[in-house]
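Chemist: Before anything else, here's the structure in question.
Nothing in this text is a laboratory measurement; each read-out follows from the coordinates by a stated rule. Remember, it's a predicted structure, so these values are computed and weren't measured experimentally. Quick reminder, even Gly has a Cβ in these numbers, built from the backbone with ideal geometry, and neighbours come from all protein chains shown.
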Amino acid sequence: MANLTTKIILYLEANGKNKTELFPKMNVVATATEILSWNVDGVSKPTTSQLNSYESAGNTRDANDIKIASRISEYGTVHQQLEYIVENGIDKFIKKQKDIKDKYPKE
């Protein structure tokens, strides 16, 4: 089941709100299962059926977010990445990054 927050974000994006303005410029309070309050300029509160229409896309986004977090964890810090390049060369670094992406492919 897609995360409610993910479905809300998809709904807002579909209604003309871009990711950089989603949360700083709105007031949405939600639990894991319901929206408690909604005050988004220019976008009405979604119905359950509207949010449910984003279930499939939400599942894909949630799965990709997990894969991206896994990639980031394996990439290491910027310091660790630079150290790897210095010690092993750029070609091995690029191969390592590709191997990590292949291990956690996005949908």
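Chemist: What does the convex hull of the Cα atoms come to per residue for the chain, in Å³?
Modeler: Value for the chain: 127 Å³ per residue.
Chemist: For the stretch 16-67, report the % of Cα-Cα distances exceeding 14 Å.
Modeler: So the pairs more than 14 Å apart make up 65 percent of the total in the stretch 16-67.
Chemist: To the nearest 20 Debye, how big is the dipole of the chain about its Cα centre, given +1 on the beta carbon of each Lys and Arg and -1 on that of each Asp and Glu?
Modeler: Using Cβ point charges on Lys, Arg, Asp and Glu, the chain gives about 140 debye.
Chemist: Among Val43, Val86, Val29, which one shows the highest mean-square fluctuation when the chain is modelled as a Gaussian network with alpha-carbon springs under 10 Å?
Modeler: Top of the fluctuation ranking is Val86.
Chemist: Quick one: among Asn59, Asn18, Asn88, which has the greatest mean-square fluctuation in a GNM of the chain with alpha-carbon springs under 10 angstrom?
Modeler: Of Asn59, Asn18, Asn88, the Gaussian network model singles out Asn88 as fluctuating most.
Chemist: Test of understanding: extend the Cα→C-beta vector of Phe93 to 7 Å, then name every residue of the stretch 70-87 with backbone N under 15 Å from that spot.
Modeler: From the stretch 70-87, the list is 75-87.
Chemist: Which of the listed residues, Tyr84, Gly58, Val40, is farthest toward the dipole's positive end in the chain, when Lys, Arg count +1 and Asp, Glu count -1 at the beta-carbon?
Modeler: About the Cα centre, the residue reaching furthest to the positive side is Tyr84.
Chemist: How much length is gained if the chain between Ser49 and Asn3 is pulled fully straight, taking 0.36 nm per residue apart and subtracting their Cα-Cα distance, in nm to one decimal?
Modeler: Between Ser49 and Asn3, full extension yields 15.1 nm more.
Chemist: Rounded to the nearest 500 deg cm²/dmol, what is the calculated helix-only ellipticity per residue at 222 nm for the chain, with -39500 (n - 2.57) per DSSP H run of length n ≥ 4?
Modeler: The helix contribution divided over the chain gives -18000 deg cm²/dmol.
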